[in-house]
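Working notes for the structure below.
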Amino acid sequence: MDNKRGQTFLALVFLIGGVIVLAGMTMAFVTNSFIDTGYGLRASLSAEATAISGAQDAILQLERNMSFSTSGYNVIIGSSTATVVVTQNSPSSGFVNILSSASVSGRVKKINVVLMESTTTDLLSVVSWQEVQ
């Protein structure tokens, strides 16, 4: 009779142990998911801030020189880099298009700004400012 009690007890120990291991693995997975989500959000916000800074730098360059145009230059913001392209007469004559993109830990953000140039006052006006994919 003791042999059956021992087998039952052993089966119960394995069952309880399996439940504990399963619960531990589940908690580890959930915790890891929360950490990845928080890190991803920070990386995404950092990429967006870097792209915005790149667009602002391009506006500053245009305020200094209305004919400023480039096929691409880099703006270093802390440990991140924005790549900025400034195109004159785009989408049409009298407009300037700025595309600033930044990537942080695989999270890419792009900011597209369209400015209108006033030929009489030499002032720039923001026509649109949007995040693009």
message = Looking at Gln7 and the list (1) part of a strand (DSSP E or B); (2) open to solvent by 100 Å² or more (accessible area, probe 1.4 Å); (3) among the polar types (S, T, N, Q), which single condition is not satisfied?
response = (1)
note = Scanning the stretch 21-60 for residues that are of a type in the set (Ser, Thr, Tyr) and open to solvent by 30 Å² or more (accessible area, probe 1.4 Å), the one modelled with the highest pLDDT turns out to be Ser53
query = Filtering the stretch 61-88 down to residues that are open to solvent by 70 Å² or more (accessible area, probe 1.4 Å) and part of a helix (DSSP H, G or I), which residue is nearest to Asn112 (Cα to Cα)?
reply = Glu63
query = Which of the residues belonging to the stretch 76-86 are modelled with pLDDT under 95 and within 19 Å of Trp129 (Cβ to Cβ)?
reply = Ile77
task = Could you list, in sequence order, all residues of the stretch 82-109 that are at positive phi and in contact with a helix residue (DSSP H, G or I) (Cβ under 6 Å, 6 or more places away or on another chain)?
result = Ser105
ask   = Thr119: in contact (Cβ under 8 Å) with a residue 12 or more places away in the chain, polar (S, T, N, Q) and open to solvent by 40 Å² or more (accessible area, probe 1.4 Å), yes or no?
value = yes
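The values are calculated or read from the model by the stated rules, or taken from the named source; none is laboratory data. Here the structure is a predicted model, which is why all the values come from computation and not from measurement. For neighbour counting, all protein chains shown are included, and Cβ atoms are generated from backbone atoms with ideal geometry for every residue, glycine included. Heads up: the accessible areas ignore ligands, DNA and RNA and are worked out on the full protein's heavy atoms, side chains in. Shrake-Rupley method; radii C 1.70, N 1.55, O 1.52, S 1.80 Å.
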